[in-house]
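The values are calculated or read from the model by the stated rules, or taken from the named source; none is laboratory data. Values in this document were obtained by computation on a predicted structure and should not be read as measured data. Here the Cβ is made from the backbone with ideal geometry for all residues, glycine too, and neighbour counts use every protein chain on show.
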Amino acid sequence: MSEQKDTVGVIGVGWVGLVTAACFAELGHPVIARDILQEKVDALSKGDVAIHEPGLDDLIRRNAERLTFTTDMDELLGGARLLFVCVDTPPTYSGDADLSRVRAVVQELPEDSDHVLIMKSTVPAGTGESIRRDMPGLSYVSCPEFLKEGTAVKDFMNPDRVVVGADAGDEGAAAAVESLYRPLGGEILRTDVASAEMIKLASNAFLATKISFINEIANVCEEVGADVGQVAKGMGLDERIGTSFLRAGIGYGGSCFPKDVSALKMLAGNTGYHFQLLTAVIEVNELQKRRVVGKLEKHLGSLIGKRVALLGLAFKPDTDDMREASSLVLAARLQGEGAEVVAYDPVASERAAELLGSVEMATSATEALEGADAAVLVTEWGEFAELDWAAAAGRMNRALIVDGRNFLDPKALTEAGFEYEGIGQTVSSPRPAAAS
Ligand code: UDX
């Protein structure tokens, strides 16, 4: 008879909370997941998963008997001692992290709570200390998440590292959290709360810095005739640099990098320190989203009345998430230059249509390309690599593509009749038809 595993509590059943709940259930733990939205709890209790995350809905259906979704805080507090806080911490107008939902959770805890609060929400350094000050008897552990959208279940089950931050007096609580993750076999880093909080922000800020760096290198490559793909490869072979997150493109987006970079910059600013590097990382990223317009004007001249097709809208493939997606800025810039914008995304079109009201939404890539004067690949969905580009060239008004993710094969596209322009790569044009 296998021993009964600790019941795990999850507060806030958004993307992070749902992945956390489903994965701990998969590891054999009874899980009670609490959210304030009754309709979300009802839907999840029926196995209906609203977010697009590969493998998650199967995991929830497979572990339904171990998963309890509720709005009732008392049911949660009565059933679980280990409580993962996974509520949203969106940016405020100042760029600071909005901690109101975190504070609301703390206020719901009984004064003499013997629960362990395990912070998975991304919070500025110092948050844990202030919560412990308000609730001196509460056991508090910082355990940031490093999941990527589109691969979250795999990332949870195969962590590079699990960070467990606890201060004096909470060693027992930290050990309990560590034992939850030990079956996954990743490196477990035990540290203090403030350092754990900083590890999360600094990790995301560093990855964003890597992306802005390679994007600037790409821009220089265009001036000197070098190929950023080759440059990134050569750089990445140095293990001190590493090949990952050196893909040049039209800027990073999503619910994490933009928010965490600005939250860290604000956190530093609030202490009186001007984090210059992050100021540049943010500025480079915003400019990178707009550089596509200049590339199109180079080929088309004025964009007034030109029909431009955007292929992909989500901030990255395998998600329907539009938060801080580069497509939002690009579409608006193109319209600002007088272009007519048509767009297609395999899964995010519905969400995008709410945000991009005046952009025409096509139901397929082929439909989007019909009669277009140019195409821009914005999100590197797999299906775009499979497209019949020769046929597409015949249907476009002009077979011109700006590959915003260097995702397509320039040679194949030019052979299909396209003028191809990537990011940080030399422009290639179709060979003129042999004089008959
Ligand atoms: C990120 C972090 O990777 C993850 O550890 C953290 O927990 C949450 O934030 P996510 O936002 O899902 O995950 O996306 P990620 O795959 O990191 O991509 C972020 C953005 O960077 C995307 O817009 C992507 O297109 C862009 N990107 C990524 C690049 O432009 N170049 C790269 O080389 C990698």
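Would you please list the contacts, defined by Cβ atoms under 9 Å and residues six or more apart or on different chains, that run from a residue in the range 149-178 that is without any contact (Cβ under 8 Å) to a residue 24 or more places away in the chain and closer than 15 Å to A196 by Cβ to a residue that is within 10 Å of the ligand (Cβ to nearest atom) and charged (D, E, K, R)?
Every condition considered, no pair remains.
Could you please let me know if T89 is crowded, with 20+ Cβ neighbours inside 10 Å, in a helix (DSSP H, G or I) and hydroxyl-bearing (S, T, Y)? Write out each step before concluding.
Values: crowded, with 20+ Cβ neighbours inside 10 Å: yes; in a helix (DSSP H, G or I): no; hydroxyl-bearing (S, T, Y): yes.
Against the criterion (crowded, with 20+ Cβ neighbours inside 10 Å, in a helix (DSSP H, G or I) and hydroxyl-bearing (S, T, Y)), T89 does not qualify.
Is one or more of the residues making up the range 46-59 in a helix (DSSP H, G or I) and free of Cβ contacts under 8 Å to residues at least 60 places away in the same chain?
From the range 46-59, those in a helix (DSSP H, G or I) are 56-59; that's our starting set.
Retained after the next criterion (residues that are free of Cβ contacts under 8 Å to residues at least 60 places away in the same chain): 57-58.
Checked against the condition, which is being in a helix (DSSP H, G or I) and free of Cβ contacts under 8 Å to residues at least 60 places away in the same chain, the range 46-59 yields at least one hit.
Confirm whether R161 is loosely packed, with under 15 Cβ neighbours inside 10 Å, more than 16 Å from the ligand (Cβ to nearest atom) and either at pLDDT 95 or above or of a type in the set (A, V, I, L, M, F, W, C) (or both). Steps first, answer last, please.
Numbers: loosely packed, with under 15 Cβ neighbours inside 10 Å: yes; more than 16 Å from the ligand (Cβ to nearest atom): no; either at pLDDT 95 or above or of a type in the set (A, V, I, L, M, F, W, C) (or both): yes.
Criteria not met by R161.
Just to be sure I understand the filter: pairs with C-beta atoms under 6 Å, separated by 6 or more residues or on different chains, first member in the range 208-227 and closer than 19 Å to T426 by Cα, second member near the ligand (Cβ under 10 Å from one of its atoms). Which pairs pass?
I214/A232; I214/L246; I214/A248; N215/A248; N215/Q288; A218/A248; A218/I423
Could you pull out the residue among G371, G424, G357, G382 that is within 16 Å of the ligand (Cβ to nearest atom) and under 22 Å from L334 (Cβ atoms)?
Details: G371 fails: within 16 Å of the ligand (Cβ to nearest atom); G357 fails: within 16 Å of the ligand (Cβ to nearest atom); G382 fails: under 22 Å from L334 (Cβ atoms).
Just one listed residue meets the conditions, G424.
Go through (1) surrounded by 18 or more Cβ atoms within 10 Å (Cβ to Cβ); (2) away from the ligand (no atom under 11 Å from the Cβ); (3) of a type in the set (A, V, I, L, M) for L237 and report which single condition fails.
So L237 meets the others, but not (1).
If L328 satisfies every condition in (1) outside any helix (DSSP H, G or I); (2) within 15 Å of the ligand (Cβ to nearest atom); (3) farther than 28 Å from S429 by Cβ but one, which is the exception?
Checking L328 against (1) outside any helix (DSSP H, G or I); (2) within 15 Å of the ligand (Cβ to nearest atom); (3) farther than 28 Å from S429 by Cβ, the one that fails is (1).
May I ask you to list the residues in the range 318-340 that are more than 20 Å from E286 (Cα to Cα) and either touching a residue at least 60 places away in the same chain (Cβ under 8 Å) or touching a helix residue (DSSP H, G or I) at 6+ places or on another chain (Cβ under 7 Å) (or both)?
D318, T319, D320
Mind listing whichever residues of the range 243-278 are over 20 Å from T92 (Cα atoms), of a type in the set (A, V, I, L, M) and either surrounded by fewer than 22 Cβ atoms within 10 Å (Cβ to Cβ) or away from the ligand (no atom under 16 Å from the Cβ) (or both)?
L246, L277
Could you tell me whether the range 292-300 includes any residue that is within 13 Å of the ligand (Cβ to nearest atom), modelled with pLDDT of 95 or more, out of contact with any strand residue (DSSP E or B) (no Cβ under 8 Å at 6 or more places or on another chain) and hydrophobic (A, V, I, L, M, F, W, C)?
Of the residues in the range 292-300, the ones within 13 Å of the ligand (Cβ to nearest atom) are none.
No.
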